[in-house]
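Only one structure is covered here, and it is reproduced in the block below.
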Amino acid sequence: MNTTPFLALIFLASTVASAAGTLHLIQNAPARQGISLAGPWQTIVDPYESGYYDYRYQVQKDGGFGANKKPKTPGELVEYNFDTAARLQVPGDWNTQSPELMFYEGTVWYKRDFDYARKPGHRLFVWFGAANYQAIVYLNGKKIGEHVGGFTPFQFEVTNAVRDKGNFLIVKVDDQRHMEAVPTVMTDWWNYGGLTRDVRLVDVPDTFLEDYAIQLEKGSQSRVAGWVRLNGGGARQRVTIRIPEAGIAQAVTTDENGYAPVAFDAHLGLWSPESPKLYDVVIEIGADRVADRIGFRGIQTSGRTLLLNGKPLHLRGASMHAEAPFRAGRIFSEADARTMLRWAKEINCNFVRLPHYPHDEVMTRVADEMGLLLWSEIPVYWTIQWENPVTLAGAKTQLTEMITRDKNRASVILWSVANETPRGDARLKFIGALAEHVRGLDPTRLVTAALETHYVGDHTIAVDDPLGKYLDVVSCNEYVGWYDGTPPKIDTIQWTTEYEKPFVISEFGADAQAGRHGDVGTVFTEEFQADVYRRQVAMFKRIPFLTGTIAWVLVDFRSPRRPLAGIQDFYNRKGLFSDRGQRKAASYVLSEYYQSLAADEPRP
Ligand code: GCU
């Protein structure tokens, strides 16, 4: 585990750009012209990074493996060759593609050849959905950029570097954990490495629509507000925003920076889990045309109440890692996202927490369509380096990239800036800065964080973490009856809050191995887990200011911290479904509770 100065450099480089606010990330990149570079990539596993550093641990000047050197004569020594190397699928983590790589943390080099005839008057970008954790990118032997952060998109312009034939794209991906990173070295999820999401060559006109935000104005149900931003070309360009189904065609003119605010009245059907109405929204400028599917809804708080489209909202939630059911690798496909969200709906959820890092865009888009509200989060998880400016900058970058990508998704209502972080001034200052950063980027959604429990007396849990003052919604993880006492303790617990804000129990639960049965007192049995759920549900009903609950967790997931052989086998078994899709007894306890809550909701 090395804390390379190189990492600090990358952090600073990437953060300067986004900290300044304008992140040049193409909105809705998968819907743009161009090609996907998905498929088999040639790969070289490089545990000692010998393709990057020389034996003196100095960065190789010639680009190392990024140069894709070929021996010119039989006598010339070149000790790597992508052409004879193994293949790995992209998108995809490397861990589940070969048993040798399951526990591997380090560098893997990826190479992909492609031809692409660039059209005159067009520009090209190489776009990555995500690469865990650090990526250094080379095109045709030249370094074109770097990115840090394993769960958010990034891109590099390659207009003048692409040739019609014989291009080779090489990416050094390294997923080593670092103390100063986000996440830091200790997590309860599998550190899947690789090009885990789609890679695309995005082809846009010289002047193109780079980014846009089209949502309901905060507090309004009949006014759309947002902005558009162009990249390239002169100022004073005419941009038209159309919502054909609503008969809307709104024109704006950009300023010298290619920016224009957008605001207009519109009587639109509001998006909600019960009726996830999406509209085709088409934005046109000159030669560029971008189509998106957008839902319009309002999310606010009023005292301790959450309001969706002005109506009280109770969150019936479950969390789920971005891990595919059955094959247990990183999720990147619509099918996987749909399966997971269908299971959430099956237990009567109207809400899903996407822990602890930004999930694939496919998840937020399918949630838009299926009608599930979302909590999206960056991995400021457990104990990170609160006083390290590199860490803070890295966290801000991930927030900027996450919010930039998903700001048009109706399903996303909460941005979470932290999970289970220890109280302290440095932490407060750090996370306070993140909350402010979020509000600067997106004033239309709510900010939250998962706080830890704090007992006042043996049986009273107080929601009094000072961090709560920076949040719109205060949330608390609790494991009464699992890590905290035995199940009967749950029956004795009272809750108090010092906040006039909505309160959500953001994690609760217990492990059970699907199919393991026994008496309620035996851990890891389905009976034990169901008993915990029954007692938790009873406790929820005793909390007058409770606005929602989020079960930990929808599906069993891989974790390096769970080695218990024969039961956990490197899985966290708190799922209501096993990773094989088996429903556990506790899932029926929760779905019944959620059904009763849904039945009590006022009909639209
Ligand atoms: C924590 C944490 C989760 C973890 C869970 C557990 O609260 O936020 O990431 O998996 O507890 O221990 O199961």
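The values are calculated or read from the model by the stated rules, or taken from the named source; none is laboratory data. Just so it is clear, the structure is predicted and the values come from calculations on it, not from any experiment. As a convention, Cβ positions derive from the backbone with ideal geometry for all residues, glycine included, and neighbour counts pool all protein chains shown. Surface accessibility is based on the protein's heavy atoms, side chains included, excluding ligands, DNA and RNA. Shrake-Rupley method; radii C 1.70, N 1.55, O 1.52, S 1.80 Å.
Given +1 at the Cβ of Lys and Arg, -1 at the Cβ of Asp and Glu and no other charges, the dipole of the chain around its Cα centre is 940 debye to the nearest 20.
Between Val282 and Asn257, the distance separating the two model label sites (each 7 Å from Cα on the Cα→Cβ line) works out to 3.0 nm. Rolling a 1.4 Å probe across all protein chains gives Trp382 an accessible area of roughly 50 Å². Counting only DSSP beta bridges with both residues in segment 372-466, the antiparallel share comes to about 10 percent. One chain, two ends: Arg177 and Leu564. Fully extended at 0.36 nm per residue, the span grows by 137.0 nm beyond their Cα-Cα distance. Maximal additional length on extending the Glu346-Arg439 stretch stands at 30.1 nm, based on 0.36 nm per residue less the C-alpha distance. Panel values: the chain, Kirkwood radius from alpha carbon pairs, Stokes-Einstein at 20 °C and 1.002 mPa s, translational diffusion coefficient 85 µm²/s. Would you mind classifying segment 243-347 by shape? Square roots of the alpha carbon gyration tensor eigenvalues, ordered a ≥ b ≥ c; an a/c under 1.5 is rounded, otherwise it is prolate if a/b is larger than b/c and oblate if not. Taking the square roots of the gyration eigenvalues as a ≥ b ≥ c, segment 243-347 is oblate. Cross-link partners of Lys69 among aspartates and glutamates, defined as those whose alpha carbon lies under 14 angstrom from its own and excluding same-chain residues fewer than eight positions apart: Glu79, Asp83.
Taking trypsin sites (Lys or Arg not before Pro) across segment 41-89, the ones in a DSSP loop with at most 10 further Cβ atoms lying within 10 angstrom of their Cβ are Arg56, Lys61, Lys72.
Percent antiparallel among DSSP beta bridges with both residues in the chain, to the nearest 5? Percentage antiparallel, nearest 5: 70.
Remark: segment 496-559 carries 31 Å² of accessible area per residue (probe radius 1.4 Å; ligands, DNA and RNA excluded). Quick note on segment 197-236: its Rg to Rh ratio, both from C-alpha atoms and Rh being the Kirkwood radius, is 1.15.
Straight-line reach from Lys119: taking Cα to Cα under 16 Å and skipping same-chain neighbours fewer than 8 places apart, the aspartates and glutamates in range are Glu157, Asp164, Asp203, Asp206, Asp288. Figure note: Met539, Met179 ranked by solvent-accessible area, largest first, 1.4 Å probe, ligands and nucleic acids not counted: Met179, Met539.
Note on the chain: with neighbouring protein chains present and a 1.4 Å probe, carbon and sulfur make up 53 percent of its accessible heavy-atom surface. When the chain is described by a simple charge dipole with +1 on each Lys and Arg Cβ and -1 on each Asp and Glu Cβ, the residue from Tyr104, Ala246, Gly566 located farthest towards its positive end is Ala246. Note on segment 368-490: Cα-Cα pairs beyond 25 Å make up 30% of the total pair count.
The relative contact order of segment 458-504, computed from alpha carbon pairs under 8 Å that lie at least 6 residues apart in sequence, is 57 percent. Computed with a 1.4 Å probe over protein heavy atoms only, the accessible surface of segment 238-362 comes to 36 Å² per residue.
The calculated 222 nm mean residue ellipticity attributable to helices in the chain amounts to -5500 deg cm²/dmol, summing -39500 (n - 2.57) over DSSP H runs of n ≥ 4 and dividing by all residues. Between the residues Leu446, Val90, Gly233, the greatest Cα displacement towards the positive end of the dipole of the chain, with unit charges on the Cβ of Lys, Arg, Asp and Glu, is found for Gly233.
Computed with a 1.4 Å probe over protein heavy atoms only, the accessible area of Phe103 comes to about 130 Å². For segment 214-291, applying the loop criterion from DSSP together with a ceiling of 14 other beta carbons within 10 Å to the trypsin sites (Lys or Arg not before Pro) yields Lys218, Arg236.
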